[in-house]
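Shown next, in C-alpha cells, is the structure this report addresses.
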Amino acid sequence: MAADTSIWQRIGFRRSFGVAEAGWGRTLVVAGVSFVYFLPVLFIIFTAIKPQALALSVPPTLSPTSLFGLIPDQFVFTPTLENFSSVFSRVMTGGGQPEPTGFDRFFFNSIVIASASVLLALILGTLAAYGFSRYPLKGNDTYLFIILTTRMLPAIVVIIPVILMFRAVGLSGSYLGIILLYTAFNLAFTIWMMKSFFDELSTDVEDAARIDGSSGTRVFLKICLPQVVAGLAATFVFGLILTWNEFLFALLVTGPDTRTVPVAMNQAVSSGGRGTDWTLLAAIETLFLIPVFLVTFFLQEHLLRGVTFGTVRK
Amino acid sequence: MLVLPPVSVPSLRTSPTLLEISADNWRLASLVGVVVSALAVAALPADVAFWIVGALVALVAVAFVVNAYRRRYYGGLLVAPAIAVLFAMNIFPLLWSLGLSFFAYQSNRQSIWFVGLNNYIKVLTNDIAAADNWHALINTGMFVVLTVSAQMIVGFMLAMLFAKQFPLRKYLLILVLTPMMLSVVASGVFFTYYYDPTFGILSYAINSIAGGQFILMDSKAGAVAGIVFADAWMWSPFVMLLVLAGLVSVPKYLYEAAAIDRVSAWRRFWTITFPYIRGLLMLALLFRTIEAFKLADLVILLTKGGNDTMTISYHLIRIANEQNKTSEGAAISYIMLFMVIVLTNLYLYLANRRTRES
C-alpha cells in the first residue's frame with residue numbers, strides 16, 4: 001500500500017472527489033491559493049486604513065505591520081481609522097464644521113432594498129420553480145426560455161422604457177419601484193437555479209406522501225423545501241451579491257432619498273474634480289463589504305452541505 | 001391485501017356562464033376590467049388611472065386564481081405571481097423598446113415617427129455606424145470567449161480544491177468568494193490603480209525586476225488581458241460555487257463502489273462526478289455567457305473603449321445614453337438579443353441531447 005502513495009496523496013489529495021476528509025496538507029495548499037486570490041481585496045482593505053497622503057506613494061505601501069521585520073520599512077504604513085469617520089461626516093472644502101455626507105442613509109437604503117427584493121424574488125421564484133418542475137404547463141420550456149431572455153438584454157435597453165413608465169405612475173425615486181425592479185432582475189436566476197434543484201429531487205418520497213393523504217401545500221413545505229435548503233441559501237447569496245452591487249438601475253431610478261451605496265460611492269469619489277479619493281473609496285467599499293460578507297459567511301454551511309440526507313435520489 | 005384509504009375526489013366544477021356572478025368567473029372579470037380600465041385611462045389623469053387599472057388587474061388576477069384553484073390547475077397558480085412581476089418590470093419594457101426600435105425617437109426630443117425597419121438597416125449597413133457596430137460586436141465575441149473560458153477553468157479548479165472537508169475550509173472559502181462581493185465600481189477603479197503605469201503595483205513590480213517602464217494598457221493585447229483578468233478574478237468564484245454545489249451533492253457510496261471496482265480516476269470523473277455537476281455547470285456557463293455579452297462597466301472604468309477594446313454593450317450605452325439615439329440603440333440591442341438567443345438555444349439543445357443520450 002505504501003508503495004503507491006505519492007507525495008500528493010500523502011498531503012491530502014488522496015481521493016479526488018466527494019466530501020471526504022483531507023488533512024492539514026490540503027489546508028496549506030488551499031491557504032496559499034486563497035491568499036493570492038484574496039490579495040487585491042486585502043489591498044483595498046489596507047488602503048481604507050492608510051493615511052490619505054500615502055494612497056498614491058511610490059513605492060506603494062502594502063502593509064500596516066512589518067510582520068516582525070519580514071516586510072521592508074518602505075512598504076509599511078501606520079494604520080489610521082480617520083477614513084471611516086470621513087465616510088459619514090467630512091470637512092468640505094473651505095474648512096469649518098464637518099458636514100454629514102448622508103452615507104448612513106445610503107447604507108440603510110441598500111440594506112432595505114437589497115434584502116426586500118431578494119427575499120421577494122426568492123419567495124416568488126421558488127414557487128414558480130416548483131410549479132415549472134412538478135406541474136409542467138403546456139409549452140413549459142418556452143416559458144422558461146422567455147424568463148431567461150429577460151436577463152439577456154443589456155440593462156440600458158430596458159431602463160429607458162422603465163424610466164418613462166415609472167415617471168408616468170409616480171414610482172420614480174420610491175422604494176417600491178426599485179424593489180420591484182430588482183425583484184424582476186433576480187427572478188430569472190432564482191427560477192432557473194431553484195428549478196435545477198427541484199428537478200434533481202426524487203419524486204418517490206413526494207408520491208408516497210401524496211398517497212398517504214398529504215396535501216400539496218404540505219408536500220411542498222415539509223418534504224420538498226427542506227431538501228433544497230442548500231439551493232435556497234445559494235440562490236439567496238447570489239441574488240444578494242448581484243443586487244447589493246447593482247449600479248445602472250440604481251443610478252437611473254433612485255432619487256436622493258432612496259439612493260443606494262454604489263451610486264453614492266461613485267458620486268463621492270469623483271466629485272470635486274480632484275480625481276479619485278482612493279482612501280475614501282476604499283473605506284466606503286470596506287464598510288459596504290461587511291454586511292454581504294457576514295451573510296455569505298453565515299449561510300456558508302447551507303451553501304456547501306450536500307442535499308443528501310438519506311433521501312433517494314434519481 | 002393492501003387496502004388504500006378511500007380518497008374523496010371532489011367533482012371538478014364546470015365553468016360558470018359569462019354573466020354568473022361568482023369568484024371564479026374570470027371571463028366576466030376580464031370583461032369588466034378591460035371596459036373600466038379603458039374608460040379610466042381615457043377620462044382620468046395618468047397617476048389616478050394607474051391605480052384604478054392596478055386594482056382591476058388585481059381583481060382579474062383573483063378571478064383567475066380562484067378559477068385555477070377550483071380546477072386544480074396548480075402549475076399556473078404557482079407560476080403566475082413570478083410571471084406577473086416579470087411582465088410588469090421586464091417583458092413589458094422589453095416590448096416597449098422593441099416597439100421603439102421601429103420608430104425614429106430620440107429621448108431628448110419630442111418628435112417621434114414610424115420608420116419601419118430603417119433603424120435595423122442603418123445599424124447593419126450604414127457606412128460609418130455599421131462599421132463601428134460590427135467592430136464592437138467582434139470585440140464582444142472575443143471577450144465572451146476569453147472571459148467565460150477563463151472563469152470556467154479557474155472556477156472549476158478552485159471547486160476541485162474545495163471539494164473535500166479539511167481544517168479551516170470554511171474560512172478559506174470565504175476569502176475566495178470575496179472578489180464577487182465587491183462592487184464593480186470599487187474593484188474596477190482599484191484595478192485601474194493596479195495597472196497604473198506610474199503608481200500601480202503591477203508596473204512597480206515589473207519595473208523593479210526587469211527595469212524600464214512597463215505600461216500594461218499600452219497595447220490591445222495588454223488592455224484585453226487586463227480586462228479579462230479583472231473580470232475572471234471577480235466572477236470565477238461564481239462558477240466555483242455552482243460547481244462545488246454539484247460536487248458535494250455526489251453520494252459518497254458511488255465513489256466507494258468505484259474504489260472497490262478499481263475504476264480509474266478519469267473514468268470515475270466522467271461517469272460519476274460529471275453527470276452530477278453537468279446541470280450546474282451548464283447553468284454557470286449560460287449565465288456567465290449572457291453576462292459576458294453585457295460586459296461594459298469594466299471597459300468603461302479600465303480603458304474607456306480605448307486600444308480597440310470597445311464592446312457592443314458600451315457602444316450601446318454611448319449611443320442610447322450619451323447621444324440620445326434611443327431607437328437606434330434599441331435596434332442594436334435586438335440584433336444582439338437575437339444572437340444571444342441563437343447561442344443559448346444551441347447550448348440548451350446540446351445539453352438536452354446529452355441528457356437524452358445518457
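The values are calculated or read from the model by the stated rules, or taken from the named source; none is laboratory data. None of the values given here were measured: they were computed from a predicted structure. Here Cβ is always computed from backbone atoms with ideal geometry, including for glycine, and neighbour counts include all displayed protein chains. Just the protein is used for accessible areas: all its heavy atoms, side chains included, with ligands, DNA and RNA removed. Shrake-Rupley method; radii C 1.70, N 1.55, O 1.52, S 1.80 Å.
All but one of (1) of a type in the set (Gly, Ala, Ser); (2) out of contact with any helix residue (DSSP H, G or I) (no Cβ under 6 Å at 6 or more places or on another chain); (3) assigned by TED's automatic domain parsing to the domain that holds residue A:235 hold for residue A:89; which doesn't?
(3) is the only condition that residue A:89 fails.
Does residue B:276 satisfy being surrounded by fewer than 20 Cβ atoms within 10 Å (Cβ to Cβ) and at the interface with chain A (Cβ under 10 Å from one of its Cβ atoms)?
no
State whether one or more residues within segment B:44-61 are within 14 Å of chain A (Cβ to nearest Cβ), open to solvent by less than 60 Å² (accessible area, probe 1.4 Å) and over 23 Å from residue A:164 (Cβ atoms).
Yes, segment B:44-61 has at least one match.
Between a first residue in segment A:210-221 that is within 19 Å of residue B:73 (Cβ to Cβ) and a second residue that is among the hydroxyl-bearing types (Ser, Thr, Tyr) and open to solvent by less than 90 Å² (accessible area, probe 1.4 Å), which pairs have beta carbons less than 8 Å apart while being 6 or more apart in sequence or on different chains?
These pairs meet every condition: A:216/B:74; A:220/A:130.
In segment B:338-355, which residue that is over 19 Å from residue B:94 (Cβ atoms) and facing another protein chain (nearest Cβ under 10 Å) is most open to solvent (accessible area, probe 1.4 Å)? Working first, answer last.
The first filter runs over segment B:338-355 and keeps only residues over 19 Å from residue B:94 (Cβ atoms), leaving B:346-355.
Imposing the further condition that a residue be facing another protein chain (nearest Cβ under 10 Å) reduces the set to B:348, B:352.
Values: B:348: 39, B:352: 84 Å².
Taking the candidates together, the pick is B:352.
Pull up segment B:149-162, narrow it to residues that are in contact (Cβ under 8 Å) with a residue 40 or more places away in the chain and surrounded by fewer than 23 Cβ atoms within 10 Å (Cβ to Cβ), then point me to the one that is farthest from residue B:310 (Cα to Cα).
Step by step, filter segment B:149-162, then rank; the result is B:160.
Give segment B:294-310 a look and list any residue that's open to solvent by less than 20 Å² (accessible area, probe 1.4 Å) and at the interface with another protein chain (Cβ under 10 Å from one of its Cβ atoms), or say none.
Residues of segment B:294-310 open to solvent by less than 20 Å² (accessible area, probe 1.4 Å): B:295-296, B:298-299, B:305, B:309.
Result: B:295, B:296.
Out of segment B:264-307, which residues are closer than 18 Å to residue B:244 by Cα and either outside the structural domain of residue B:183 (by TED's automatic domain parsing) or of a type in the set (Val, Ile, Thr) (or both)?
The answer is B:271, B:272, B:273, B:277.
Within segment A:34-76, how many residues turn out to be over 31 Å from the mean Cα position of the chain (by Cα) and in a loop (DSSP other than H, G, I, E, B)?
Here the count works out to 10.
Please work out which one of (1) more than 9 Å from every other protein chain (Cβ to nearest Cβ); (2) crowded, with 20+ Cβ neighbours inside 10 Å is the condition residue A:153 fails and give its number.
With (1) more than 9 Å from every other protein chain (Cβ to nearest Cβ); (2) crowded, with 20+ Cβ neighbours inside 10 Å applied to residue A:153, the lone miss is (1).
Quick one: residue A:61 ticks every box in (1) free of Cβ contacts under 8 Å to residues at least 12 places away in the same chain; (2) more than 30 Å from residue A:185 (Cβ to Cβ); (3) within 11 Å of chain B (Cβ to nearest Cβ) bar one, so which box is it?
(1)
Just name the residue that is nearest to the other protein chains (Cβ to nearest Cβ) out of those in segment B:107-127 that are assigned to a loop (DSSP other than H, G, I, E, B) and surrounded by 15 or more Cβ atoms within 10 Å (Cβ to Cβ).
Looking at residues that are assigned to a loop (DSSP other than H, G, I, E, B) and surrounded by 15 or more Cβ atoms within 10 Å (Cβ to Cβ), I get B:107.
Here are some residues: B:238, B:199. Which one is open to solvent by less than 60 Å² (accessible area, probe 1.4 Å), facing chain A (nearest Cβ under 9 Å) and not polar (S, T, N, Q)? Full working, then the answer.
Details: B:199 fails: open to solvent by less than 60 Å² (accessible area, probe 1.4 Å).
One residue alone meets the criteria, B:238.
Name the one entry in B:290, B:335 that is open to solvent by 10 Å² or more (accessible area, probe 1.4 Å), within 30 Å of residue A:142 (Cα to Cα) and at pLDDT 80 or above.
Unique residue meeting the criteria: B:335.
Just give me the residues in segment B:252-267 being surrounded by 15 or more Cβ atoms within 10 Å (Cβ to Cβ) and either more than 7 Å from chain A (Cβ to nearest Cβ) or touching a Ser or Thr at 6+ places or on another chain (Cβ under 6 Å) (or both), in sequence order.
Correct list: B:254, B:258, B:263.
Tell me yes or no: at least one residue of segment A:126-140 is farther than 30 Å from residue A:234 by Cβ and hydroxyl-bearing (Ser, Thr, Tyr).
No, there is no match, as no residue in segment A:126-140 is farther than 30 Å from residue A:234 by Cβ and hydroxyl-bearing (Ser, Thr, Tyr).
Residues that are within 11 Å of chain B (Cβ to nearest Cβ) and not hydroxyl-bearing (Ser, Thr, Tyr), at least 3 per element: which helices (runs of 4 or more DSSP H) completely within segment A:183-260 meet that?
Of the helices (runs of 4 or more DSSP H) lying wholly inside segment A:183-260, those with at least 3 residues that are within 11 Å of chain B (Cβ to nearest Cβ) and not hydroxyl-bearing (Ser, Thr, Tyr) span A:229-244, A:248-253.
Restricting attention to segment A:158-167, which residues are among the β-branched types (Val, Ile, Thr), at the interface with chain B (Cβ under 8 Å from one of its Cβ atoms) and open to solvent by 10 Å² or more (accessible area, probe 1.4 Å)?
A:160
Being within 31 Å of the chain's Cα centre (by Cα), in contact (Cβ under 8 Å) with a residue 40 or more places away in the chain and more than 8 Å from chain A (Cβ to nearest Cβ) narrows it down to one of B:187, B:219, so name that one.
B:219
Give me the residue from segment A:105-142 that is facing chain B (nearest Cβ under 9 Å) and touching a Ser or Thr at 6+ places or on another chain (Cβ under 6 Å) and, out of that set, surrounded by the fewest Cβ atoms within 10 Å (Cβ to Cβ).
So, considering only residues that are facing chain B (nearest Cβ under 9 Å) and touching a Ser or Thr at 6+ places or on another chain (Cβ under 6 Å), the one surrounded by the fewest Cβ atoms within 10 Å (Cβ to Cβ) is A:120.
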